[in-house]
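The values are calculated or read from the model by the stated rules, or taken from the named source; none is laboratory data. Bear in mind that the values here come from a model prediction, so they are computed numbers and not experimental data. Glycine gets a Cβ as well: all are built from the backbone with ideal geometry, and neighbour counts include every protein chain shown. Accessible surface is based on the protein model in full, side chains and every heavy atom, while ligands, DNA and RNA are left aside. Shrake-Rupley method; radii C 1.70, N 1.55, O 1.52, S 1.80 Å.
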Amino acid sequence: MKKIKAVIPAAGFGTRFLPLTKAQPKEMLPVVNKPTIQWVIEEAVDAGITEIAIITGTHKQAIENHFKPIEKLEKALEKAGKIKELGEIRKVNELANLEFIIQEEQKGLGHAILCAEDFVGDNPFAVLLGDTICTGNPNCTKGLVDIFTNKKASIFSVEEIKPEETHRYGIVSGKEIERGLMLVDDLVEKPDSKEAPSLLGIQGRYIFTPDLFDYQRSIKRGAGGEIQLTDAIRLMLSDYPVAGYLYEGKKFDCGSKEGYVNAITYLAKDILDN
């Protein structure tokens, strides 16, 4: 099987966090000791994925700067004898093989993924939302990689949600084929609770075969006036099996104020206790 690559969409405007995100990318908001997107990249790396494309915008240069070496800083730390700090920032520089791709216009998650088509080629690829942190053992992406390696079918993680939350998620339905694993038969993007086919929401972690691009290219603007990934997956269902993985770890939507505060509270305790 070809190597799995990863795509991290991170080009949005972060409107749920304005005015803080007017100049500061939401993916760069600090969660304890590192920015949100570094947590996401480390999750991919821990799952064995080292070829990663970050879909960004011209207004988000700070993301690229964070992962580039800063020679002046390194020399200053070395001169001051701050060897531990020097080691930490060098780890950031060497986390993975990163490629930055500009999404010229923010047309939605589906369009962001299309921007990575040349990068992905004919490899399977993971998608990790750049403002969402998942924790657990195995981590969410590693769990998906293990299932994908066995089943050879596109798959994404889901979580149980409340009825009043359906308008924030892609909602799925399907038939359980193993404990914690379902064969998906329908998806709806951000439906009203009365129209939701279930209370299982997509978490923001996926692995696809490259066939997805054929369907994503044919999708027109949908919910919210954006080109939706959910619509492409739904179209793909008619030709290929797609699985849903009920992930039992924790997920934090750091693009929302509540999720961001909860992430800091939970992860700070974990880090300080260790």
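Worth pointing out:
- Between R217 and A76, the simple label model (points 7 Å from Cα in the Cβ direction) yields a spacing of 4.8 nm.
- Shape of the stretch 1-104, Cα gyration tensor, a/c cut at 1.5: oblate
- 20 °C / 1.002 mPa s Stokes-Einstein diffusion coefficient of the chain, Kirkwood radius on C-alpha pairs, µm²/s: 111
- Between the stretch 237-255 and the stretch 7-24, the Cα center-to-center distance that results, in Å: 23
- Net lengthening on full extension, E64/I89 (0.36 nm per residue, minus Cα-Cα): 7.6 nm
- The stretch 98-129 residues near the modelled D46 label - backbone nitrogen below 18 Å, point 7 Å along Cα→Cβ: 126-129
- Neighbour cut-off at most 12 other Cβ (10 Å), DSSP loop, GluC sites (Glu not before Pro), the stretch 201-259: E248
- Low-density loop cleavage sites - trypsin sites (Lys or Arg not before Pro) in the stretch 102-197, where at most 12 other Cβ are within 10 Å (DSSP): K152, R179, K194
- Taking the protein heavy atoms of the chain in the context of the full set of protein chains, the accessible area attributed to carbon and sulfur is 50 percent at 1.4 Å.
- Of the residues G136, G12, I89, the one whose Cα sits farthest toward the positive end of the charge dipole of the chain, with +1 on the Cβ of Lys and Arg and -1 on the Cβ of Asp and Glu, is I89.
- Annotation for the stretch 10-102: GluC sites (Glu not before Pro) lying in DSSP loop with at most 11 further Cβ atoms inside 10 Å of their Cβ are E94.
- The helix-based estimate of mean residue ellipticity at 222 nm for the chain, built from -39,500 (n - 2.57) per DSSP H run of four or more residues and divided by its residue count, is -9000 deg cm²/dmol to the nearest 500.
- FRET efficiency, 1/(1 + (r/R0)^6) with R0 25 Å, evaluated for Y266 and K175 via beta carbons: 0.15
- For a 4.7 Å threshold on C-beta separation, the list of partnerless cysteines in the chain reads C115, C254.
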